[in-house]
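The values are calculated or read from the model by the stated rules, or taken from the named source; none is laboratory data. None of these values were measured; they are calculated from a predicted model. All Cβ positions, even for glycine, are placed from backbone atoms using ideal geometry, and neighbour counts span all protein chains on display. With ligands, DNA and RNA removed, areas are computed over all heavy atoms of the protein, side chains included. Shrake-Rupley method; radii C 1.70, N 1.55, O 1.52, S 1.80 Å.
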Protein chains: 4
Amino acid sequence: MSFRVGIVGISGFGGGEAMRLIASHPSFELVYAAGEGSAGSRLVERFPGVPARLAELRIEPWDPEALPKLDVLFASLPTGMSETALARVPTDVKIVDIGGDHRYVAHWAYGLADVWPAQIAGRTRVANPGCFPAATLTALAPLLAERLIEPGNIVIDAKTGLSGAGRGGADSRFGYAETNENLVPYGLLEHVHMPEIAETIERLSGGSAAGLVFTPHLVPMTRGILVTIYGRGQATTSQCLDAARRFYAGRAFVRVTDRPPQTKWATGSNLAFVSYAADPARNLVIAMGVVDNLGKGAAGQAVQNANLICGLPETAGLDGAPIWP
Amino acid sequence: MSFRVGIVGISGFGGGEAMRLIASHPSFELVYAAGEGSAGSRLVERFPGVPARLAELRIEPWDPEALPKLDVLFASLPTGMSETALARVPTDVKIVDIGGDHRYVAHWAYGLADVWPAQIAGRTRVANPGCFPAATLTALAPLLAERLIEPGNIVIDAKTGLSGAGRGGADSRFGYAETNENLVPYGLLEHVHMPEIAETIERLSGGSAAGLVFTPHLVPMTRGILVTIYGRGQATTSQCLDAARRFYAGRAFVRVTDRPPQTKWATGSNLAFVSYAADPARNLVIAMGVVDNLGKGAAGQAVQNANLICGLPETAGLDGAPIWP
Amino acid sequence: MSFRVGIVGISGFGGGEAMRLIASHPSFELVYAAGEGSAGSRLVERFPGVPARLAELRIEPWDPEALPKLDVLFASLPTGMSETALARVPTDVKIVDIGGDHRYVAHWAYGLADVWPAQIAGRTRVANPGCFPAATLTALAPLLAERLIEPGNIVIDAKTGLSGAGRGGADSRFGYAETNENLVPYGLLEHVHMPEIAETIERLSGGSAAGLVFTPHLVPMTRGILVTIYGRGQATTSQCLDAARRFYAGRAFVRVTDRPPQTKWATGSNLAFVSYAADPARNLVIAMGVVDNLGKGAAGQAVQNANLICGLPETAGLDGAPIWP
Amino acid sequence: MSFRVGIVGISGFGGGEAMRLIASHPSFELVYAAGEGSAGSRLVERFPGVPARLAELRIEPWDPEALPKLDVLFASLPTGMSETALARVPTDVKIVDIGGDHRYVAHWAYGLADVWPAQIAGRTRVANPGCFPAATLTALAPLLAERLIEPGNIVIDAKTGLSGAGRGGADSRFGYAETNENLVPYGLLEHVHMPEIAETIERLSGGSAAGLVFTPHLVPMTRGILVTIYGRGQATTSQCLDAARRFYAGRAFVRVTDRPPQTKWATGSNLAFVSYAADPARNLVIAMGVVDNLGKGAAGQAVQNANLICGLPETAGLDGAPIWP
């Protein structure tokens, strides 16, 4: 069976990656694309390597009143824009919102698909987690669930490739010459992803995440997120690894590794890699999580969520190997 | 129907990319992998993101006497090693040699798949073109076939990403700090790919390629080849583009573009992009070709060739969109 | 003796590099800085590592009527802006224009300093060559002067780092994620630097440069230009190298090398590296030139020109080693 | 007055940077260079852009019995090699050891030059701090000195460019294609720099550093270190910044900034940038430190130490602006 699929926000990196994944998906057919920056273009003008069958698809200006018949809509819009933009989408169109507006909003499932798949299946409105939360929470969930880390006092040192900052041009800080060979911390003590992370930590642990610290850094690479998380606990490294292996047993997209994970392991895939190092003598647990910010951190997770709400195999269209090198 | 497939040279970049493409191929099943540097490891140790069904495949030391039953073998060995290594492979195993030893050797088809597919179909031994020849000849073929460029006096200025130099470590010249932010010409007047290019130019044109010049450059990026080719001719830009569109009409993997092509358009795909700029007043024709050196320049073309010799659709396993950004 | 020096265009890359070089110059004192994007800021806000003695210098909006007493003004403005901006600068202020408006304009010396130093010394208005012409002409001058290459039919394949495209933000094509891991040809058959190169080739050779071809490419690195030049001639490699060694004997900034030069050899310096490879059997001469586009291609050459017009040693402030790696 | 200076370990990145800084130093004359990998070469073969007056200096095999008359020797040898290599250097030759063997060894001053200059001046044997300790301790010193952070429970998340891993070639993990677009944590819970950091924290604070955590990461860039340090304390951001401004008042190389520092601010310089963000409600103090790992983290600090032990102005040869972009 084939589902008719649309994308709004095709001009951005998240929308483009959704297009790439849908183009290879065995049950999704891309029939609609909308985007502000590229409306009026054919898909091949924006994505010169798009498969021939999609080349002539016209990119539309977004108009929820003028949608073709759709089964699923992927939305990848800047924060603050999707709430309004999606409000008038017909209720029989399933939506996966890659953007930030519907996380922890009533009637929207929170799409942390590797942790709560059963709560997503059957829903019609799913809010994808942010890219940093996806990496962080996937690594933390087993420890929180098994009480191997204290939910308060968690320090998250996060590093992201520059596609996480959106398309260039809006801001000269993100030009190549300014960002290449540069490492930049930002958003100290106040990053927009912090409340989402705190809320999910509390939901996973039942405890307070009051002392949470989250510091993101821009790294001179295109894709990839690594979070290095420091917490307090008495578990050993083996106990942490075992907990994660139990927690993710049978799950397709989370790989628990003995070695510290590297961002390039995940490039182009929907995989998350997690690992742990702990030292009871220092009351210390380190958790690491790696994702592709456009894969598990955005479009990959969105397709996984779409698979869940469409009743498809969770891995449909997502079972390729990462690109390397 | 499923074909049992093996790879020798899995440790290198070309072998690794072949593994990635085979893992997503609808009719190929990877049952054997050999590689000097990684023999004894499981596939997942070498490629942490490999699909779970392949994770436990053991990498073997190469021994042509001890092969399992195979339909197709992909060989990706350093130049000078595949002639001996493949000599004793049973004749009922089809071979696609990504390495350089069997190009223009008797009994081996020359696998320039977009130009001569009919001469590859049905063969059992195919020698993949080199990465530079793949980019160059795909761009030149229509001009040579229609006599729009003189076969003598062709100047090829080629630029490749560093994965084209093989895996690091063998040579400190290819360490990150030495190669990043650096652009390096090499092999002037004597690159090993020059005879292959000359021979194919002559085959395509019927004329002499005596004055051929080929200058490769290492560019600080991982993947991608762009060749900028300067020749003599009286055609206009439109005539060149039209010739290419005719030549590649109905062919899946060559895209003729009005704009100069960029390497990133092809990343992770088997596509080749070609474009042209000409000025009869200067007796000048410029042809440009872009490929991913590990895709159309190596493993992608190899899978295309394998599809041809197995009687599969030419695009099987190769019809995804490139990864971007 | 100390000269009072100003910069207009301090916000751009060329102006910033001029600031860096002036800050280390034994005879130049920076007393004035103007720039549209950063007017009102202190220098340290724009350049956090500026030496302490310059930190509090206020960046002014450009106003030629309100200049402090200056001996030398460096102008680094976008093409099309410096003609008007500099028209009312008092005549007793010497000007070196890094921008493109005054090249081959009456009353302005053409500042190809390694080739024509005597024609620059004593002048009060000097137009710096473009970055591509600087690399190209330094490599070609000895061959043209000794008639080792035909002035017609010269093909220049040029590659530049992205700082050559100016500061990011003006154009989303130059964002990090779009340009990293990408190689982009542009300006085919019509780049703005072509007339300047043609005029200088004719001046150097006395012949016509009618068939000139110039193709620039954007390379994913911050700094550096390499030009690979293909021409016709009967000289050997040795004859070309010898001609260059004679031509640049005693000159401080041009290095003639047996090996093909690499862009990283020049980073942060005012050096130009040139080398040659020739094959009389193919009637072929290849000339290569490497510069830092912000050094010899912009601010380094500008300081060299300022030294010449101020009667200072040509190497003042320019004799450090390049930064490596 | 001029000092006769030598370098052992010229083939490595640290030794090469020492050469670059000495070449521009007003009081140091490079008269001797030794290096295993390049012995027998002239300096210009290894460093094509070296100033002409140094070009013909012959690189020697290291032999402490055959040194020319030297005032100062810079040693930049792999860990474990300098103790033996330097044991027989005559006592009248001052030594700055950039390598790791003499840190916290009797009779060697610990060269954290911005913190303890008075304890370095007049010594003849100085052990440079490691690159990570240089960044870390410069940021922490003011907080520890004023008791604004608890010396126990400090978490250091460190990020370094790849030149910090030494020259490529020794290890295929550091080839360009493997490391570009990749972010790699390593040395968890056991990095070799941890004891040096712990000892210095205790010396600065008088308290125990027992719970120290240090996690380094390799970042795909050539130069630069950023450390993000998480500690416990009740200070505000302003109190931390004020403490640092007091601590480093009048010191030339440490810049206290309101904004989070970026690695590119320091490239090519001996500067350290420090900043702070604190939240008493979370009992949290974040300290950030940025250095160029080859500058303040190696050769820059070494020259500063050499200035101190030679009685020269501390900034001699080190007062240029960083290279940008």
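Restricting to region C:1-32, and then to whatever is charged (D, E, K, R) and open to solvent by 20 Å² or more (accessible area, probe 1.4 Å), can you tell me which residue is farthest from C:ALA52 (Cα to Cα)?
Ranking the candidates gives C:ARG4 first.
Quick check on C:GLY130: is it in contact (Cβ under 8 Å) with a residue 24 or more places away in the chain, under 25 Å from C:THR200 (Cβ atoms) and out of contact with any strand residue (DSSP E or B) (no Cβ under 7 Å at 6 or more places or on another chain)?
Criteria met by C:GLY130.
Does C:LEU284 satisfy being surrounded by fewer than 24 Cβ atoms within 10 Å (Cβ to Cβ) and touching a Lys or Arg at 6+ places or on another chain (Cβ under 8 Å)?
yes
C:MET221 - would you say it is hydrophobic (A, V, I, L, M, F, W, C) and more than 9 Å from every other protein chain (Cβ to nearest Cβ)?
Answer is no for this residue.
Can you go through C:ALA249, C:ALA177 and tell me which one is at negative phi and within 14 Å of chain A (Cβ to nearest Cβ)?
Of C:ALA249, C:ALA177, the one residue that is at negative phi and within 14 Å of chain A (Cβ to nearest Cβ) is C:ALA177.
Filter region A:4-35 down to the residues that are out of contact with any helix residue (DSSP H, G or I) (no Cβ under 8 Å at 6 or more places or on another chain) and in a loop (DSSP other than H, G, I, E, B) and list them by number.
Within region A:4-35, A:GLY12, A:SER24, A:PRO26 meet the criteria.
Among the listed residues C:THR257, C:THR222, C:THR228, identify the single one that is open to solvent by less than 40 Å² (accessible area, probe 1.4 Å), of a type in the set (Ser, Thr, Tyr), within 15 Å of C:PRO133 (Cα to Cα) and assigned by TED's automatic domain parsing to the domain that holds C:GLU150.
Step by step, each of C:THR257, C:THR222, C:THR228 is checked, and only C:THR228 is open to solvent by less than 40 Å² (accessible area, probe 1.4 Å), of a type in the set (Ser, Thr, Tyr), within 15 Å of C:PRO133 (Cα to Cα) and assigned by TED's automatic domain parsing to the domain that holds C:GLU150.
Can you name the number of the only condition in (1) without any contact (Cβ under 8 Å) to a residue 60 or more places away in the chain; (2) of a type outside the set (Phe, Trp, Tyr); (3) under 28 Å from D:PRO220 (Cβ atoms); (4) buried (at least 20 other Cβ atoms within 10 Å of the Cβ) that B:GLY187 fails?
(4)
Quick one: D:PHE74 ticks every box in (1) aromatic (Phe, Trp, Tyr); (2) open to solvent by 10 Å² or more (accessible area, probe 1.4 Å); (3) more than 26 Å from D:ASP157 (Cα to Cα) bar one, so which box is it?
All conditions pass for D:PHE74, except number (2).
Which of the following residues is touching a helix residue (DSSP H, G or I) at 6+ places or on another chain (Cβ under 7 Å) and at pLDDT 95 or above: A:ALA306, A:ALA281, A:ALA277?
Selected residue: A:ALA277, the only one of A:ALA306, A:ALA281, A:ALA277 that is touching a helix residue (DSSP H, G or I) at 6+ places or on another chain (Cβ under 7 Å) and at pLDDT 95 or above.
Here is a check on your reading of the model: is A:LEU137 at pLDDT 95 or above, within 20 Å of D:LEU226 (Cβ to Cβ), assigned by TED's automatic domain parsing to the domain that holds A:PRO280 and in contact with a helix residue (DSSP H, G or I) (Cβ under 6 Å, 6 or more places away or on another chain)?
no
Filter region C:180-189 for residues that are in a strand (DSSP E or B) and within 13 Å of chain A (Cβ to nearest Cβ) and give the result.
Once the filter is applied, which keeps residues that are in a strand (DSSP E or B) and within 13 Å of chain A (Cβ to nearest Cβ), region C:180-189 yields only C:VAL184.
If you scan region D:238-254, which residues turn out to be surrounded by fewer than 22 Cβ atoms within 10 Å (Cβ to Cβ) and within 18 Å of the chain's Cα centre (by Cα)?
Passing the criteria: D:TYR248, D:ARG251, D:ALA252.
Could you check region A:269-291 and list, in sequence order, the residues that are assigned to a helix (DSSP H, G or I) and within 11 Å of chain D (Cβ to nearest Cβ)?
Those that are assigned to a helix (DSSP H, G or I) and within 11 Å of chain D (Cβ to nearest Cβ): A:ALA281, A:ARG282.
When you scan region B:191-215, how many residues do you find that are under 21 Å from D:TYR176 (Cβ atoms) and facing chain C (nearest Cβ under 10 Å)?
Of the residues in that region, 1 qualify.
Restricting attention to region C:33-59, which residues are buried (at least 20 other Cβ atoms within 10 Å of the Cβ) and either in contact (Cβ under 8 Å) with a residue 40 or more places away in the chain or over 27 Å from D:VAL274 (Cβ atoms) (or both)?
Within region C:33-59, C:ALA34, C:GLY35, C:ILE59 meet the criteria.
If I go through region C:76-124 residue by residue, how many of them are among the polar types (S, T, N, Q), part of a loop (DSSP other than H, G, I, E, B) and over 20 Å from C:PRO61 (Cα atoms)?
2
Hey, could you check region A:1-32 for residues that are more than 13 Å from chain B (Cβ to nearest Cβ) and small (Gly, Ala, Ser) and say which is farthest from A:CYS310 (Cα to Cα)?
The extreme case among them is A:GLY9.
For region C:80-131, which positions are open to solvent by 40 Å² or more (accessible area, probe 1.4 Å), of a type outside the set (Gly, Ala, Ser) and either closer than 17 Å to C:ALA34 by Cβ or touching a Pro at 6+ places or on another chain (Cβ under 6 Å) (or both)?
C:MET81, C:GLU83, C:THR84, C:ARG88, C:PRO90, C:LYS94
Of the residues A:LEU212, A:LEU143, which single one is at negative phi, in the same structural domain as A:ALA287 (by TED's automatic domain parsing), over 16 Å from the mean Cα position of the chain (by Cα) and surrounded by fewer than 23 Cβ atoms within 10 Å (Cβ to Cβ)?
Every option except A:LEU212 fails the conditions.
With respect to D:ALA235, is the statement that it is farther than 28 Å from A:VAL290 by Cα, open to solvent by less than 10 Å² (accessible area, probe 1.4 Å), outside any strand (DSSP E or B) and in contact (Cβ under 8 Å) with a residue 40 or more places away in the chain true?
Judged against the criteria, D:ALA235 is a match.
Taking interchain pairs and intrachain pairs at least six residues apart, which have beta carbon atoms under 7 angstrom, with the first residue in region A:155-167 and within 10 Å of chain D (Cβ to nearest Cβ) and the second assigned to a loop (DSSP other than H, G, I, E, B) and modelled with pLDDT of 95 or more?
Note: pairs meeting the criteria are A:LYS159/D:LEU183; A:THR160/A:ASN293; A:GLY161/A:MET221; A:GLY161/A:THR222; A:GLY161/A:ARG223; A:GLY161/A:GLY224; A:GLY161/A:ASN293.
Residues of region B:311-320 being within 16 Å of A:ALA321 (Cβ to Cβ) and within 7 Å of chain A (Cβ to nearest Cβ), which ones?
B:GLY320
Residues in region C:149-158: is at least one more than 30 Å from B:GLU181 (Cα to Cα) and assigned to a helix (DSSP H, G or I)?
Scanning region C:149-158 turns up no residue that is more than 30 Å from B:GLU181 (Cα to Cα) and assigned to a helix (DSSP H, G or I).
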